[in-house]
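In what follows, a structure is listed as C-alpha cells, so that the remarks can point back to it.
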Amino acid sequence: MKSIFFIIIAIVICGLPPAALQAQTVVVKKRQVSSQGLTERSTTKKRSRHVPEHAITYNFSAFLLGDLPLGYSYRPSDFITIEAGLGITNNNFVDELNTFLFSNSSFYSEASHTPISGSAHAGLKFFPEGDAFNDGMYIGAQLTRRNYRKGFIDGDSTVAASKLFMDLGLTIGYQLRPSNHIMVDWYIGLANRSIRWDRVESLLLWDPASGQNITTTSINPASDKRLEGQPDRYTTIGLLMGLKVGYFF
C-alpha cells in the first residue's frame, strides 16, 4: 500500500513542468517621459511652420495722403525683407490742410480739378531675431516718392501743376502673422522730407471780343535754382506712420 502511494506522488511530481516549481517574478518597467523631449518636439513643430518668400502689401494709412500704394515684398533670408511698389495719387488731404492753415500758396486754393498722378516706394527691413514674415520686431529704411497734380483754368483750356514729396527715413515696427497667408505690419519713424512744387500765377483779364472776364494761368515749373521771393521748395522733418496688410503666396 505504501509503495502504491509513493508511486502516485512520484508521478505527480514528475508530471509538473520545471517552471511551475520555481517562484515567478513579475517585472514592471516604468517609462519616464522627459519634459525636455516634449519641449524639443514642440519647438521643432513650431520651426517647421512654412514661411513664405513673397507677399503683396497695401498701406491703408497712406489714404490720408491721397496715396493708394500696392507693394511687393520678398524675403531673401530669415533676417531681411525687401519691398518695392507703385501707387496712384489723388489729393493730399494732410498737405492741403497744412497749406490752408500756414501758407498762402495757390496750389490748392485756385485749382479747378485734381488729375491722377503716381507714387513709388522702396524699403529694406532687418529682423534682429530672424522673424522675417513671422511675428517679430524690425528696423527699416524706406524711400518714398509721391507726386500730386492740380488742374487750373487757362482761358478755354486747362493746365496742370505738380507738387513732389520725397521721403528718406528710418522706421521701427512690428510684423504680425495671424494666419498662414495674412500679415499685419505697423510702424513709426522719421524722414528727411523734401518738397518742391510748380508756382501757379492766375490773372483775371477782360476780353474785349467776348465782353467777359477770362482767367489765365501761368505755370512756372520748380527750378533747380531758387528764385528770390518765389519759394518753390523746402526741406523738413516728416513723421512716418503706417498700417499695412499683406497676403503671403
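For this structure, a couple of remarks:
- Residue in segment 125-136 that is without any contact (Cβ under 8 Å) to a residue 60 or more places away in the chain, in contact with a Phe, Trp or Tyr (Cβ under 8 Å, 6 or more places away or on another chain), of a type in the set (D, E, K, R) and under 30 Å from GLY211 (Cβ atoms) present: no
- Residue match in segment 86-98 (condition: in contact with a helix residue (DSSP H, G or I) (Cβ under 6 Å, 6 or more places away or on another chain), among the β-branched types (Val, Ile, Thr) and either surrounded by fewer than 20 Cβ atoms within 10 Å (Cβ to Cβ) or not in a helix (DSSP H, G or I) (or both)): yes
- Among the residues of segment 158-178, at least one is farther than 22 Å from TYR58 by Cβ, part of a strand (DSSP E or B) and among the polar types (S, T, N, Q).
- Close pairs from segment 156-178: first more than 30 Å from THR215 (Cα to Cα), partner of a type in the set (D, E, K, R), Cβ under 6 Å, at least 6 apart: MET166/ARG145; ASP167/ARG193; GLN175/ASP185; LEU176/ASP135; ARG177/ASP135
- Set side by side, the residues GLY151, GLY118, GLY123 differ, and just one is outside any loop (DSSP other than H, G, I, E, B) and surrounded by 18 or more Cβ atoms within 10 Å (Cβ to Cβ), which is GLY123.
Values in this text are rule-based calculations from the coordinates and carry no lab data. All of these numbers come straight from a predicted model, not from anything done at the bench. FYI the Cβ positions are ideal-geometry reconstructions off the backbone, even for glycines, and counts take in every protein chain you see.
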